[in-house]
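Have a look at the structure below, then the notes.
The values are calculated or read from the model by the stated rules, or taken from the named source; none is laboratory data. Computed from a prediction, not measured in an experiment: that's the story for all the values here. Counting neighbours? That spans all protein chains shown, and the Cβs are built from the backbone with ideal geometry, glycine included. SASA here: full protein model, heavy atoms, side chains in, ligands and nucleic acids out. Shrake-Rupley method; radii C 1.70, N 1.55, O 1.52, S 1.80 Å.
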Amino acid sequence: QKMKQDGYTPVLLIAGYISPQQMMKVVDAGFNVLDHAGNCYINIPPLYIHITGQKLDKPKETETKVFSESAIKLIFYFLLDKANVGKTYRKIAEETGYSLGAIKNVIEEMTRRHHIIKTPKGRVLMDWRKLLNEWQVTYNQSLKPKLFLKKMKLGSPELRRNWQDIKLPKNSYWGGESGANLIDGYLTPEILTIYTDGDSVDLIKTAKMLPSSDGDILVYKKFWTGEADSKMVPKILTYADLMGTNSARNIEAAKIILENGL
């Protein structure tokens, strides 16, 4: 209305979908209108176009379906080693703990999305980077929030300054900004992230940490199988953690890790 009052005419309002009743209210107010379904009222003499009755098609469920929780975890297993996708269902089940049915469903969905192709020599993972970035978005939106356990803090400023020297409990690993710092030292962590397969009590006992609602240590449940000698989570997960933040410095650090090889 302000644009019209200021003399900017004609004005075209574009929206996702406008009902016939609402469209006529806009038209009566003296504006041209168009929606994504194709309904429109445009009256700029000698041009006159009036289309109504078009429905906004909803995307098919198969096109909007996000990866399930089990799929996110299995894709992580495939991303860790491209050879994993070519293993038998039974071998995958043995190494991940998932049922044959769940594995079959995930592989079929990935094949439908062209992340996996079948060749005479077996299944092959396609466009690893594209899959990685699709995975990290879904992981951060769907799975990671469910893995959160609690916030903690270190017992003293000295411990915080020397957090790299802390020996975490068995099957616990640094991720996020702390994992990135251990990879290349590029990032000085403001937030420390730990993935653990144990209990927070173990962290309190062995790492001198305390539960704290405003703590700068975020503790998450470890979701993958197997143990590692490293005190860091797999680089893929550190990359995902960094990309899931709104921090420009974290995203820059993630890109450096990616370019240096995951």
Taking the chain and counting helices only, DSSP H stretches of n ≥ 4 at -39,500 (n - 2.57) each over all residues, the nearest-500 ellipticity at 222 nm comes to -11000 deg cm²/dmol
Stretched fully, the stretch from Arg112 through Thr245 gains (0.36 nm per residue minus C-alpha distance, one decimal, in nm) 44.9 nm
Trp128 and Asn43 label points (each 7 Å along its Cα→Cβ direction) are spaced in nm at 6.2 nm
Distance in Å, no decimals, from the C-alpha centre of segment 8-60 to the one of segment 81-138 is 45 Å
Distance in nm between Arg90 and Tyr17 label points, each 7 Å along Cα→Cβ, equals 5.0 nm
For the table Lys153/Lys231; Lys104/Lys170; Lys91/Lys235; Lys130/Lys205; Lys118/Lys146; Lys121/Lys255, the rows whose alpha-carbon distance is greater than 30 Å are Lys104/Lys170; Lys130/Lys205; Lys118/Lys146; Lys121/Lys255
Here FRET efficiency (C-beta to C-beta, Asn105 to Leu80, R₀ 22 Å, nearest 0.05) is 0.65
note: segment 55-170, Cα-Cα separations exceeding 25 Å make up a percent value of 40 percent
Per the rule of 0.36 nm per residue minus the C-alpha distance, extending Lys221 to Thr119 adds in nm 33.1 nm
For Leu149 and Asp229, extending 7 Å from Cα along the Cα-Cβ vector and measuring point to point gives, in nm, a value of 2.5 nm
Square roots of five times the C-alpha gyration tensor eigenvalues of segment 63-106, ordered largest first and given in whole Å, equal 17, 12, 9
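With the alpha-carbon atoms as the only input, what is the per residue convex hull volume for segment 101-148 in Å³?
91 Å³
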By the Kirkwood definition, with r running over pairs of different Cα atoms, the chain has a hydrodynamic radius in Å of 22.3 Å
Under a 1.4 Å probe, counting only protein heavy atoms, Arg249 has an accessible area in Å², nearest 10, of 80 Å²
The FRET efficiency for Lys255 and Gln164, from their Cβ-Cβ distance with R0 = 22 Å and rounded to 0.05, is 0.45
Per the Kirkwood formula over distinct C-alpha pairs, the hydrodynamic radius of segment 1-127 in angstrom is 19.0 Å
Scan of the chain for GluC sites (Glu not before Pro) in DSSP loops with at most 12 other beta-carbon atoms within 10 Å gives a longest site-free stretch of 1-189
Ignoring ligands and nucleic acids, Thr225 exposes an accessible area, probe 1.4 Å, in Å² to the nearest 10, of 80 Å²
With the dipole of segment 22-177 defined by +1 on each Lys or Arg Cβ and -1 on each Asp or Glu Cβ, the option from Asn39, Gln22, Thr88 whose Cα lies farthest towards the positive pole is Thr88
Rg (one decimal) and Dmax (whole number) from the Cα set of segment 172-262, in Å, equal 13.0, 38
